[in-house]
Amino acid sequence: MEDIFQGYKGKALEVLKKYNVRVWGKAVIDTTRGEFKGTVLPRAENDDDKHIVLKIETGYNIGIDIVTIKGMKEMGYFKATYKIPEKEFPVTPNLPKVKLLGTGGTIASRLDYRTGAVIPAFSPGELYGAVPELADICNLTTEKLFAVFSENMGPEQYKALAIAIGKEIENGIDGIIIGHGTDTLSHTAAALTFMVQNSPVPIVLVGSQRSSDRPSSDAALNLMHATTAAGHSDIAEVMVCMFGPTSDEYGFLHRGTRVRKMHSSYRSTFRTISDTPLATVSRSGVKPIKEDYNHRRKDRKVKILPYFEEKVTIVYYYPNMQPDIIDALVDNGYKGIIIAGTGLGHINKPLYPAIERAYKKGVHIYMTVQTLWGFVHMYVYDTGRDLMAKGIIPAENMLPETAYIKLGWALGQTNDREEVKRLMLTPINDEITPREPYNGYLIYQGGVPEVESFIRRFRK
């Protein structure tokens, strides 16, 4: 029997049944806040039962609180069909061969304006139907490796991706794109930097902050930019390609070990921390910002190192943290701990005995900083020197998440303390830098008169 109330439950389901309105029905909803017209959309399994979701004419989805509803009427009905008409992706002899590896989520999609459905696209034909500009950039093939949300990505997926990338490079691909959710995009980028070394071709991770049913979606533009970078860039590294300025003029290419998601919903959320991005990318091509990068070279032999120890964690220090947290990790068999310390790399003295015990039990402990920008400096104060004497090793200016990934990767190969330290403190691709450039830390604080004056000159 067909479910005409897809995903609705509890009180919201009662409201739909009361007014005999179905999912995909064209509805007029009278509320205490006014009248709303649109298509009733399905809800996900874990959504609440307090709202009815409507796709309005502008293309946006709105949630209507059922408490405010005075009446509803279904004016028409058209059920969505989850299918994008496929067009054969044209093969152009002089264009580069690019492989898109999917990990889950919507890489690109097309909105069915009659029904409000957002239809995911993945096959070359579907992507060509959704983003036809791709055919002007490359010869595209696709493979879906996983179908998981990015928060469910982990060591097994990292290793499988690294192995798949190695096979594609052996088969002579010109560039690789990885479609990925944005929440843990930087973790996967760091993992692939360590697991796929000496790549002869660009490896570009891409996602979108806003789905394709929204007028402000960044999905298609990010995908075009990533395809340009993978197929035409001279930068043969693991990179993240995401939205640049709000003007839509270009995207950024960020080095996989120095990138971080810095805003929950903003399109320009990804930032290169303590450095500048590698390059900008637009429809006209890739323009390097940094001069020191790994160049594309077909004769380079890739190294695939798919190792990871899962018993590694990050501990974010806070005032009054108790030693039983460290003790519990040791007792549960954790082999590595990354601490995100305050300031230059500090924790409180009550933790010292637990740190000392962890070290004696063979746990590898590294210090990073919560500030993200800047280096760990444990020689400045006596407390820092005390912590080093108890076994904590400063991780220089590695980002906490990057240090976590690298420690898992290092411990996947060896448990020898000196060898792990050598692996951790030997830079592979700028996870540790000798210095931070003056323009690597630029955060303009709104409200400051001189900053506001500067911005007004360029934002009319």
Surrounded by fewer than 17 Cβ atoms within 10 Å (Cβ to Cβ) and touching a residue at least 60 places away in the same chain (Cβ under 8 Å): which single residue out of His295, His263 fits that description?
His295
Would you call Tyr77 within 27 Å of Ser217 (Cα to Cα) and out of contact with any Phe, Trp or Tyr (no Cβ under 9 Å at 6 or more places or on another chain)?
no
Out of all the residues in segment 354-364, is one or more among the aromatic types (Phe, Trp, Tyr) and more than 18 Å from Thr257 (Cβ to Cβ)?
yes
Residue list for segment 153-193, restricted to those being of a type in the set (Ser, Thr, Tyr), farther than 13 Å from Val302 by Cα and touching a strand residue (DSSP E or B) at 6+ places or on another chain (Cβ under 8 Å)
Thr182, Ser186, Thr188
Look through segment 373-408, keep the residues that are in contact with a strand residue (DSSP E or B) (Cβ under 9 Å, 6 or more places away or on another chain) and among the aromatic types (Phe, Trp, Tyr), and return whichever of them is surrounded by the most Cβ atoms within 10 Å (Cβ to Cβ).
Tyr404
Which of the residues that make up segment 389-405 are part of a helix (DSSP H, G or I) and closer than 17 Å to Ile273 by Cα?
Pro400, Glu401, Thr402, Ala403, Tyr404, Ile405
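Computed from the coordinates by the stated procedures, all read-outs in this text should not be read as laboratory data. The structure presented is a predicted model; accordingly, all values stated were derived computationally and were not measured. So basically every Cβ, Gly included, is an ideal-geometry build from the backbone, and we count neighbours across all protein chains shown.
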